[in-house]
1. Report yes if residue 144 is in a helix (DSSP H, G or I), more than 17 Å from the chain's Cα centre (by Cα) and under 25 Å from residue 26 (Cα atoms), otherwise no.
2. Taking the condition in a helix (DSSP H, G or I), under 20 Å from residue 192 (Cα atoms), in the same structural domain as residue 192 (by TED's automatic domain parsing) and not β-branched (Val, Ile, Thr), does residue 76 pass?
3. Would you confirm, using the coordinates I've provided, whether residue 124 is in contact (Cβ under 8 Å) with a residue 24 or more places away in the chain, more than 23 Å from residue 195 (Cβ to Cβ) and either of a type in the set (A, V, I, L, M) or assigned by TED's automatic domain parsing to the domain that holds residue 23 (or both)?
4. Any chance you could count how many residues in segment 119-149 are within 22 Å of residue 95 (Cβ to Cβ) and touching a Leu at 6+ places or on another chain (Cβ under 9 Å)?
5. Which residue, of 153, 186, is assigned to a helix (DSSP H, G or I) and either at pLDDT 90 or above or not hydroxyl-bearing (Ser, Thr, Tyr) (or both)?
6. Filter segment 34-70 down to residues that are in a loop (DSSP other than H, G, I, E, B) and without any contact (Cβ under 8 Å) to a residue 12 or more places away in the chain, then give me how many there are.
7. Spot the failing condition for residue 49; the list is (1) within 27 Å of residue 122 (Cβ to Cβ); (2) surrounded by 15 or more Cβ atoms within 10 Å (Cβ to Cβ), and only one is missed.
8. For segment 79-117, name all the residues that are polar (S, T, N, Q) and either under 11 Å from the mean Cα position of the chain (by Cα) or in a loop (DSSP other than H, G, I, E, B) (or both).
Amino acid sequence: MSAEESSLGLRERKKRATRDALANAALRSAAERGIENVTVEAVTDEVGVSVRTFFNYFPCLEDAITRPDRGCAARLRQAVLDAPAHLSALDALREALGQELADIEEDQERWELQTAALTKSPSLLPGFLAAQGADERAMVAVLAERLGQDPESDLRPRLLAHASIAAVRASAELWVASGRTRSFLSIYREAFASLAAGLSG
């Protein structure tokens, strides 16, 4: 790796750390006080950056809470397209989603804070649902691209995307309901194995 590439990697890591710190501060504040009582200035003061820096990462305060990582869809798309050709579209998506969810057990607090923020400020729910909808549409699009199908008129990309989302949700629900006595990823892989068996059968 060249010095330039190494430097770029370091800059990207620093940018991601700043974005995460801003998103986490905004989420904690919203969970504690409600979004109506949180300001961008308070969030940036807590992180130690300027208001201008905040808006380099997020168009508004609500986005920092409901859509903290806009790079997820792009990473997922690239991972699905780069997956080995011998993998089915479902397996390619399973691996790509698994990479994004690899740190979910360390992110338990974020899940709990997000639930608290949405409960305290229902006005955040439309933005949260819109972000989920955008991610689902991106998933349908990349599956269609890998399959060589039309995301608007072909059924299989939509079926695979929505079934996969259901598998992720079911895995998360069981993981929480079981007291987290099993790793999330073991449940996740079991869910996708069942899904693959059902779809192939």
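1. So residue 144 fails the test.
2. So residue 76 fits the description; yes.
3. Yes: the conditions hold for residue 124.
4. Number satisfying all stated conditions: 10.
5. None of the other options fit; the residue is 186.
6. 5
7. Going through (1) within 27 Å of residue 122 (Cβ to Cβ); (2) surrounded by 15 or more Cβ atoms within 10 Å (Cβ to Cβ) one by one, residue 49 breaks only (1).
8. 88, 99
The values are calculated or read from the model by the stated rules, or taken from the named source; none is laboratory data. For clarity, every value in this text was computed on a predicted model and none was experimentally measured. In this analysis, Cβ positions are derived from the backbone assuming ideal geometry, glycine residues included, and neighbour counts consider all displayed protein chains.
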